[in-house]
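The values are calculated or read from the model by the stated rules, or taken from the named source; none is laboratory data. Since this is a predicted model, take the numbers as computed values, not measurements. Using ideal geometry, Cβ is built from the backbone for each residue, glycine included, and neighbour counts are taken over all protein chains shown.
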Amino acid sequence: MPQSWLVGKKRRSQQSFPPITRSEFAKYLERARATQYVRQPELAMRDASLLAFEFLYKTRVSEGVGRIYPESNRKDLMLETVDFKDVYEGVKISDFQIAKVKDTDVLRLRFRVLKRGRRKRICLQCQKRNAQDSSFCRFCGATLDRSKFDCKLREVWAFDSVRLDDPFVTYVLEWIEYLAQPYFRCSKCNEKVRITPSESQVFTCEKCGTQTTLSKKEVRRRLNVARPDSKVWNIGRQRAWQIMNALGIMNHTQRHWRATQLRDTHDPFELKEALHRATIPFEYVHHTESRALEKTEEADKMWQG
Ligand SMILES: [Zn+2]
Ligand SMILES: [Zn+2]
C-alpha cells in the first residue's frame, strides 16, 4: 500500500498520543531485551540498558554515549574564526556507583554536562578576555573595535540517583555487570559461563560440563571492555539513534515519556509554573488534560487557602 510521508505525518499529528506510563515503557524495554543479535547476543542487553538509562536518569542519548562538540570554523561577528573542539566520551563503568541516600540503596550516576559560558571579547594586543560589550581592554587599554570573540564551554558534573529496587534499574545493572565480568550462555543449559583470560579458549559450563571454544578474537573482544574506564555504551550517537528508531522510539516518543514523567513527578505548583512559562511541555501534557487540569486546580485551591 503506497503511502507518501505526508500522509503518515498528517495522521500522526491528528492522533492524540497517549502518555507513556511506566508500564507502557516496560514494553519498549522488553522489546529491546528481546532483540536478536545473531553474532553478539549480549548486545540486546546493551540496547535495553541504554533505554532504561535514558528513562531513569532523564538524560539524552548524547549524555550516555558521549559526543564531540565541534565549534570549528564558526564565523563570528568579527573577522576571526573561533576554534575549539571538545570531546565527551560518555558514561564509563566507574561513573556508576551503588550508594545509600537517606537509608535507601541507590544507583548513583555521574555524567558530564557542558554549559556554555558568556561570550567574551579578546584583546588582540594582550590576548586577555573582556566583557562582550566593552570598547577598551581593561587590562592594557587598547581599543577593542577589531578584536575576536570566544565563548568557553564549562564542564559540569551532574549527579543523579535512582532507587536500586526500581525494576528498570536491573536492565542497567545487568549490562554493567556483564561488562565488568563478561560471560556467555551455555548452549545446552543456558547457564552463565564466565569468560576469563585463557590460553586454550575452551570454556566449561559448571552446571552441565559442556565445553565451548571461543575464537581468540572473541575472547579478546569481550575481555577488552572489562576495565573501569571502559565506556558503558561503546557506540556513537548515530548508532544509538538507529537502535532507538528500530525499537519504534522516535523523538516525539521521548518527549512524551519526559512529559509524562514531568506530570507524574512535579508538584502542582511546579507544574503550573512550567505550563505558564513554556509551550512545549504544555503541548505534550495537554493530551492528558484531566490530569493536568486536576493538578492546576489543586494548585489554585492550595493557593487560595
Ligand atoms: Zn588588552
Ligand atoms: Zn551448561
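Is it true that ARG67 is of a type in the set (Lys, Arg), surrounded by 15 or more Cβ atoms within 10 Å (Cβ to Cβ) and modelled with pLDDT under 85?
Answer is yes for this residue.
Regarding the stretch 202-225, can at least one residue be identified that is of a type outside the set (A, V, I, L, M) and under 21 Å from LEU107 (Cα atoms)?
No, there is no match, as no residue in the stretch 202-225 is of a type outside the set (A, V, I, L, M) and under 21 Å from LEU107 (Cα atoms).
Anything in the stretch 31-64 that is of a type in the set (Lys, Arg) and at pLDDT 90 or above? List them, or say none.
Listed by number, the residues that qualify are ARG31, ARG33, ARG46.
Is the stretch 224-236 home to any residue that is assigned to a helix (DSSP H, G or I), more than 16 Å from ligand 1 (Cβ to nearest atom) and surrounded by 13 or more Cβ atoms within 10 Å (Cβ to Cβ)?
no
Which residue out of PHE168, PHE184, PHE203, PHE139 is modelled with pLDDT of 90 or more and within 16 Å of ligand 2 (Cβ to nearest atom)?
The unique qualifying residue is PHE203.
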